[in-house]
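The values are calculated or read from the model by the stated rules, or taken from the named source; none is laboratory data. Computed from a prediction, not measured in an experiment: that's the story for all the values here. All Cβ positions, glycine included, derive from the backbone under ideal geometry; neighbour counts span all protein chains shown.
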Amino acid sequence: MTDLIKAGDLSNRYGVSTRTLRYYEEIGLIKSQRIADYAYRMYDDTNIKKLEQILILRKLNISLKDIQRIFNTTGSAIVLEVLGKKVVDIDEEVSLLHELKEIVIAFIRQIEQADFTQDADVKLLYSKAKEIESQLISTKYTGNPSPTHRLFDVTKKLEEKAASKLSIPDNIMKRLLQNVYFIWGSSKATANELGRRYGIPVYHTCNNRAKHEKNADPKFQPALCRIVPDYWALDPEDSAQWEIDIVRDFTPMVIMDLIQLTAKHEKVICESDIDIDSIIHYVTHAVTISDYSAASEFWDNQRDEIRSRDIAEEEKEKLMRNLNARAGEPKREIPYEAVRYGVKQVIQDDYSTVAQLADAVAAYFGLCHD
């Protein structure tokens, strides 16, 4: 066992969540093993090296599908093809930036030569601005037939990144959220029990998803605006990534809701999914509940829903395969937020009751002393 490393330790070493490690396993990029009488997933040197390669390629914005192609072939042909395409992409961006630089330099020279006391020079500057606008629209770049689309694509990504950041100063945000009690993981029943006991309103992020979808802008929350007729018909890789993107999209909207609730209530419980990495520095109270039960009620309910559908058996089997690929085998490991940020972990097993879990969480939060 000395040559192996636990999933939680691997997560902590490389700054990648255990969820991501499980996902990489699901799509066949890495493999773990279990030692007899030992609950944790373990990784050997070969798979640690593979993870390092994956992380390097992801830093280069290489897609997971291309990484799968690289791993599934021998020799260097595929990796050279993928990296070659990346070089072409970078060349296009460099070409675009170089052209924009030349345009801006030309504009600077016009400004330096202008006399703002002369009406004619002011008109010249206006004409130059219109000329720049025309150049941005008409300039052709090698290998890029639509530079305008490329320009808007780049600026759109920058706008999305800016919009996803909460603009409230950190110290104020932490103060606004200091009386919000975050409960993550298998948390719904426990959160509801605490709310009932102590008269604290419970905000379920999943229950508010429909509201966020209605208020979402496809420019800034594309995942929330995506329309999918049948979730379980999606490729498991696609559905897993979509869920991550949805949580990322609605987290700023959830925070705004919580700030409004804290203005009305002394305490608020926030339960279910949220982008932990983006808010953890504002969080004062948080626990995560790990479900170590033999079976998962959520996945069992989803299977029952698929079985009840009035569709062909072949279609049911396909949907069930996609669901099972997402569910995987029951895992017993320390969650990412506990390893990376030290969030308190509460264990739920086959013998746990909702009352017992609520007692443990209440004691940690200090609610029972209020």
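The table below gives the values:
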| item | result |
| --- | --- |
| Candidate set: the stretch 190-216, residues that are within 14 Å of residue 256 (Cβ to Cβ) and either over 19 Å from the mean Cα position of the chain (by Cα) or not aliphatic (A, V, I, L, M) (or both); chosen: the one surrounded by the most Cβ atoms within 10 Å (Cβ to Cβ) | 205 |
| Test set (1) in contact (Cβ under 8 Å) with a residue 12 or more places away in the chain; (2) outside the structural domain of residue 200 (by TED's automatic domain parsing) - residue 279 fails condition number | (2) |
| Qualifying residue in the stretch 250-267 (condition: closer than 20 Å to residue 327 by Cα, surrounded by 17 or more Cβ atoms within 10 Å (Cβ to Cβ) and among the aliphatic types (A, V, I, L, M)) | no |
| Residue 46 vs. criteria assigned to a loop (DSSP other than H, G, I, E, B) and surrounded by fewer than 18 Cβ atoms within 10 Å (Cβ to Cβ) | no |
| Tally, over the stretch 255-275, of residues that are over 23 Å from residue 367 (Cα atoms) and assigned to a helix (DSSP H, G or I) | 1 |
| Any hit, the stretch 8-23, residues being in contact (Cβ under 8 Å) with a residue 60 or more places away in the chain and assigned to a loop (DSSP other than H, G, I, E, B) | yes |
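Let's see how each residue does on (1) among the aromatic types (Phe, Trp, Tyr); (2) outside the structural domain of residue 22 (by TED's automatic domain parsing); (3) in contact (Cβ under 8 Å) with a residue 12 or more places away in the chain:
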| position | (1), (2), (3) |
| --- | --- |
| 268 | no, yes, yes |
| 274 | no, yes, yes |
| 285 | no, yes, yes |
| 299 | yes, yes, yes |
| 321 | no, yes, no |
| 338 | no, yes, yes |
